[in-house]
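What follows is one structure encoded as structure tokens, with my remarks underneath.
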Amino acid sequence: MTQTQKTKLKYCQRGVKSCVNIAMTLFWDILKYLRIIFLWITGMQLFKSTTPPMPTAAFDKEWRITPWGQKEVILQKLKDYVPGNPDIKSIRVFLHGPVGAGKSSLINFINSVFQGRITSIALADSAIAAESFTIKYQTHKIEKGKHGIYYPIVFNDVMGLEESSGKGVHKDDIINALKGHVKEGHKFNPMSPLSEEDPGYIKIPSSEDRVHCLVSVMPADKMAFLGKHVIQKMRDIRLAAADMGIPQMVVLTRVDEACPSVRKDVKNIYLSKYIKEKMEQCSTELGVPVNCILPVKNYHEEIDLNEDMDVLLLRALRQMVDFADDFIKNIPLKITPQGN
């Protein structure tokens, strides 16, 4: 082989080697990009499989008839309410539920609708609070225009129920309150429930001291995070109330936080399939019929009243009053001695 041929062969070998290097580089670059695309696709699938879909599905029409536009009619009927038992001046509605459910906010909501403006008779904390803000047993009344005159409906709420023992209200304290044994202003102790020897214990409660309707307040957006012990405590309280014959219902709060369509327009509440699913879940977990579960949206950011929000609340309040009134009608009347 001549020198010229050797030189040409050398250049050819270099060219082939260079082409192989370029080809290998392109091959690995292609593999790298294919890997990126693969990871992106599988990552998206993983995201889709673990993230719940936005609850936007809706019914064609409202599955529960709602008296939209009739706020004043419902409100006036409630203002005209007179207890069905002449021995009882005021019916007592008792609210309980987990921390941050909106029990105190619900009482403020009711008072605001009656007063025609935003009010705050029950101190309330943020829904994201980790501990209960209510620590004392207090009766909340709705003022009737003039100072010292009230509507015949009173409300009590307590510390929120918590998962851990030694935190939140003790279920025995709630059962004592249902029976009318808890004095006004009693400070709850999560570590030690009220006993007969405590100064805050009413040994012989009157019919007005007793609770006439038990309302469980449940947050729609937090139901998936409630511990089994909280649910069990609520069921135990319900069973105790049932043994006393006390009627019960559930108010589902924070529906706007649970469903975007309701956040957009509260009138979508009975169009939302997601909200109905939450109501059915609540019925299963607590054992309350769906027709005894009413969703509401508490005032939070608003500084003025909203008629549609008020209608939902008043419909729930109407059911509380009806249940309580049915209960007190079955309480025997006091026998007043007659003169000769």
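Observations, loosely collected:
- Surface/4 estimate of mean projected area, convex hull on alpha-carbon atoms of segment 208-340, nm²: 11.0
- Sorted peptide list for 195-206, 94-105, criterion being average Cβ within 10 angstrom, highest first: 94-105, 195-206
- Rounded to the nearest 0.05, the FRET efficiency derived from the C-beta distance between Met244 and Asp60 at R0 = 35 Å is 0.25.
- For segment 95-250, dividing the convex hull volume of the Cα atoms by the residue count gives 116 Å³ per residue.
- In the complete set of protein chains, residue-level accessible area for Glu280 is approximately 80 Å², probe 1.4 angstrom.
- Based on protein heavy atoms only, segment 145-285 ends up with 45 Å² per residue of surface accessible to a 1.4 Å probe.
- Flagged links, alpha-carbon separation over 29 Å, of Lys167/Lys203; Lys222/Lys273; Lys77/Lys103; Lys79/Lys103; Lys179/Lys273; Lys89/Lys203: Lys179/Lys273
- Per-pair calculated FRET efficiency, R0 = 25 Å: Glu184 and Glu302 via Cβ, rounded to 0.05: 0.20
- Set of aspartates and glutamates with alpha-carbon distance to Lys233 below 13 Å, sequence-local pairs under 8 removed: Glu162, Glu163, Asp172, Asp173, Glu285
The values are calculated or read from the model by the stated rules, or taken from the named source; none is laboratory data. Just so it is clear, the model here is predicted, and its values are computed rather than measured. Virtual Cβ from ideal backbone geometry, glycine too; neighbours counted across all protein chains shown. The area values use the complete protein model at the heavy-atom level, side chains included, leaving out ligands, DNA and RNA. Shrake-Rupley method; radii C 1.70, N 1.55, O 1.52, S 1.80 Å.
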